[in-house]
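Encoded as structure tokens, the structure appears first; notes follow it.
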Amino acid sequence: MRLLVTGGAGFIGANFVHQTVTRRPGVQVTVLDKLTYAGNRASLASIADRIEFVHGDIADTALVDRLVGGVDAVVHFAAESHNDNSLADPWPFIQTNIVGTYSLLQAVRRHQVRYHHISTDEVYGDLALDDPTAFSEVTPYNPSSPYSASKASSDMLVRSWVRSFGVRATLSNCSNNYGPFQHVEKFIPRQITNLIDDVRPRLYGAGHQVRDWIHVDDHNSAVWEILDRGRIGQTYLIGADGERDNKSVVQFILEAFGRDRDDFDHVTDRPGHDLRYAIDSTLLRTELGWEPEYRDFRKGLDATIEWYRDNESWWRPQKDATERAYVSAGEKVL
Ligand code: NAD
Ligand code: TDX
């Protein structure tokens, strides 16, 4: 099988490529990645001789057409992925997440290539803290930020290309991922690398927001199940029953560093901050038999902390610029 992986130098895409090379050595992987601030070739360095890497933009229709014409399937991870950035400047989100997805859809349509679309639970908006239900495949879309609205738009394009043009596509909407190779702008790596630098973790607002954490390897094993046996046109929600509020996550990280549980700062809250995400992954589990391997969040978090301690050369070049960007966006200790 020849597989094109877009965004393979980013967090989830790079972990997907590692998992594929290890577990499915017969798959020929080509990565297409623009290497934005979030892409890092170092994430693929240890397997560079086992894959093909193409530096380019998913919105480059000629390049995409040529690459898609040479593969059996496309898995589309490439995106602008950070909510805070989408509030500062929405345009790259419109261009990459919507126009870029359109460019891929036209190519898979032309070449009749199987396509899997990676999306997020954020397209469903948020839940009250005491809501007994969770997001499922039939929850109405209700995105809050320019990021989640751009992802919702791209999902709608995929659904319409299936219905109107017969494109053989599946979709998955996953909850918050954690694990190695995640950019230091994101919540968990930011706090871990702050603590390595002896800087206090930074919690937006009161920190009552809840995220449904899943290890990135579990997300990617689910993607492979869907590629293998998913029904064309179907959306599958991916989640591993990992709901935690942000304050508890910061406190777990502080404990792992042997620090006092209250040794963190409350900072300016995110405008429009989604309160709670929660995933019901019954369809994926019952129809495709998928189960997560990482069931103990604290163990997964400890391993992630160890990875950031062991791989300082990977994240250090991004750290100062990332923190400066938060300051220029107006983040202040409350
Ligand atoms: P990331 O920001 O770490 O990586 C994105 C990658 O896409 C980078 O390598 C970047 O260089 C590349 N890219 C950006 N624009 C491009 C373009 N125009 N052409 C080619 N490459 C481009 O993101 P991530 O966290 O790995 O997210 C991957 C996908 O998973 C996204 O579609 C995101 O919406 C989705 N998702 C993420 C999470 C999460 O918790 N991180 C959860 C659910 C879904
Ligand atoms: O310093 C911080 N302090 C803080 O309290 C940062 C960076 C974040 N937060 C909060 C905001 C969120 O409630 O932590 C939570 C997680 O924040 P992010 O890591 O920015 O993730 P989130 O906004 O939930 O979105 C993530 O999950 C869904 C990914 O970035 C998206 O790409 C994915 O679609």
Residues with amide H under 5 Å from that of Ile238, placed H, sequence gap 5 or more: Asn173, Cys174, Ser175
For the stretch 231-289, what number results from the quotient of the Cα radius of gyration and 2.2 N^0.38 Å? 1.65
What the 5 Å binned alpha carbon P(r) of the stretch 243-332 shows, as percent of pairs per bin from 0, is 2, 9, 12, 15, 21, 19, 11, 6, 3, 0
Added length on full extension, which subtracts the Cα-Cα distance from 0.36 nm per residue, Asp65 to Asn311: 84.9 nm
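Note down the Stokes-Einstein diffusion coefficient of the chain in µm²/s, whole number, using a Kirkwood radius over alpha carbon pairs, 25 °C, and 0.890 mPa s. It would help to have the intermediate numbers written out before the result.
On the way: Rh = 20.2 Å.
Estimated via Stokes-Einstein, D reaches 122 µm²/s.
Step by step: find N for the stretch 292-334, compute 2.2 N^0.38 Å, then divide the Cα radius of gyration by it. What's the final number?
Against the empirical 2.2 N^0.38 Å value, I get 1.62 for the stretch 292-334.
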Hand me the tally of lysine pairs in the chain: alpha carbons under 30 angstrom apart, and the pair either on different chains or 8 or more positions apart. 16
Kirkwood hydrodynamic radius, the stretch 1-83, all distinct C-alpha pairs: what's the number in Å? 12.6 Å
Rh (Kirkwood; distinct C-alpha pairs) - the stretch 177-334, Å: 16.9 Å
Expressed in angstrom and rounded, the centroid-to-centroid distance over alpha carbons for the stretch 147-212 and the stretch 1-77 is 19 Å
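Readers should treat all values here as calculations from the given coordinates under stated rules, not as data from a laboratory. Because the structure is predicted, anything quoted here is derived from the model rather than measured.
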